[in-house]
Amino acid sequence: MTYTEQSLDALRTAGDELADATVATLFERGEVGTFNTLMRYVSTAGAPLPDGLPEVAREYLHQTGAPPSWVDWEEMERARMFFIDNNVHISTALSFAAMPACYVLPHVARLLSATHSLKYPSKRMAETGQFTVYLMQPGAFEAGSRFIPAAQKVRLLHASVRHHLHREGRWDIERLGTPICQEDMIGGQMMFSIQVLDALHRLGIHMSTEGAESYYYAWRVVGAMLGVDQEHAPADLHQARHFSDLYMTRHMGPSDEGAHLTRQLIDLYEEVVPGTLFDPVVGALIRYLIGDTCADWLQVPRTAWDTAVKAAPALLGILESIEDRSPLGAWALDRLGHFTTLLELSSLTRGRIMHYAIPEELKKDYGVTAARTARWTPPAPTVTT
């Protein structure tokens with residue numbers, strides 16, 4: 001598939017028909033509170049739905065309760081093994097590359113600002129981390145897993161943001177298109193797949209082509225479960241690269257919201273890192289992974305660590321050589337990575353389970369206008385045939 005400015009413009013007008021209709025009905029009937037309360041008890045796939053759950057929600061959960069019929073389970077298992085081998089690196093890429101890449105898109109930063117809690121700035125990262133861990137668990141799509149209910153709730157969360165912004169007239173649809181439209185939903189899929197792979201490459205992580213393709217495939221499945229129209233979604237890494245490059249160059253630029261969200265992200269991880277000596281590493285790592293232009297747009301501070309952090313690939317290379325030479329070392333590093341990821345997630349969630357509830361209202365202080373103000377050109381244009 002070849003993507004063009006015109007084809008992506010068309011995707012800006014489309015949302016998620018099933019989820020949008022479900023959320024609209026819940027609000028019309030005043031059933032959102034009931035839904036949120038009862039859905040706290042729906043956390044595993046295959047569990048009986050609670051009595052009193054609104055019928056429209058029950059029908060939605062029935063229709064979205066299974067993975068796409070086209071899923072290649074061997075490919076999904078390869079993706080899971082890729083995640084196990086690289087879980088700490090993937091968490092690093094998600095936190096310090098994928099999320100800042102979202103913030104460098106002014107309209108996306110504005111959307112995230114609408115649902116971010118200023119009193120709990122780790123909520124977005126906690127939700128993302130928990131969602132990814134659920135996805136990469138054995139049997140993620142089987143009865144008893146937590147991934148499918150999480151995906152169903154996230155899909156409705158996106159629909160609720162569209163509902164609020166439409167109803168309250170707080171989004172310039174003529175200029176910006178539908179909020180969380182198909183273009184942005186596919187763009188989000190790119191953030192958590194190809195942008196992560198790019199960051200791993202930047203960190204010097206050695207990946208097989210098969211492993212990278214499997215990891216992307218897993219997020220293609222996720223996209224389908226979150227309402228991405230598969231007729232327009234990139235089918236492989238080659239198409240994903242083309243979409244991602246065009247999507248980013250269409251929208252990248254500085255914004256107040258992007259800078260504010262980045263500051264929250266840096267503050268959050270400076271709190272997670274013990275002491276203060278290594279606090280500047282957080283901003284330095286973001287700058288290293290997303291580049292100086294984007295980092296300046298997001299007002300990431302420059303520090304003496306900006307040079308030192310460039311040694312990260314060499315240090316990670318030493319760890320990888322240990323894995324290659326010693327099965328015991330590989331096992332120990334995998335377990336260390338697993339526990340480090342869980343410790344990070346525990347710090348972000350503060351021991352809570354994230355429930356992805358439908359917000360009954362958006363932030364009252366939302367409304368800062370964020371216009372597209374600058375463009376970025378990739379160092380090497382995508383070549384298509």
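The values are calculated or read from the model by the stated rules, or taken from the named source; none is laboratory data. Fair warning: this is a prediction, and the values are worked out from it, not measured in the lab. Virtual Cβ from ideal backbone geometry, glycine too; neighbours counted across all protein chains shown. To get the accessible areas, we keep the full protein, side chains included, count just its heavy atoms, and leave off ligands, DNA and RNA. Shrake-Rupley method; radii C 1.70, N 1.55, O 1.52, S 1.80 Å.
List of remarks:
- These residues, TRP171, TRP70, go from largest to smallest accessible area, 1.4 Å probe, as TRP70, TRP171.
- Accessible surface of GLU168 - all protein chains present, 1.4 Å probe, nearest 10 Å²: 70
- With the highest mean first, a sort of the peptides 295-301, 3-9, 190-196, 60-66 on other beta-carbon atoms found within 10 angstrom per residue produces 190-196, 295-301, 60-66, 3-9.
- Simple label model, 7 Å out from Cα along Cβ direction - LEU49 to GLN230, nm: 2.3
- Across the options ILE186, TRP171, VAL154, the greatest Cα extent toward the positive end of the charge dipole of region 133-198 (unit charges at beta carbon of Lys, Arg, Asp, Glu) belongs to VAL154.
- Here the Karplus relation 6.51 cos²θ - 1.76 cosθ + 1.60, evaluated at θ = phi - 60°, turns the backbone of region 239-254 into coupling constants of 5, 4, 4, 4, 4, 4, 4, 5, 4, 5, 5, 5, 10, 4, x, x Hz, with x for every Gly and Pro.
- Placing a label point 7 Å from the Cα of ALA143 along the Cα-to-Cβ line, the residues of region 38-70 whose backbone N sits under 19 Å from it are 42-51, 61-68.
- Net length gained if the chain between ILE173 and ARG29 were fully extended (0.36 nm per residue, minus Cα distance): 49.3 nm
- Here ALA21 and LYS310 are evaluated by their C-beta separation; at R0 = 51 Å the FRET efficiency comes out at 0.55.
- Candidates ALA79, ALA45, ALA19 compared by Cα position along the dipole of region 1-96: farthest toward the positive end lies ALA45, with charges placed on Cβ.
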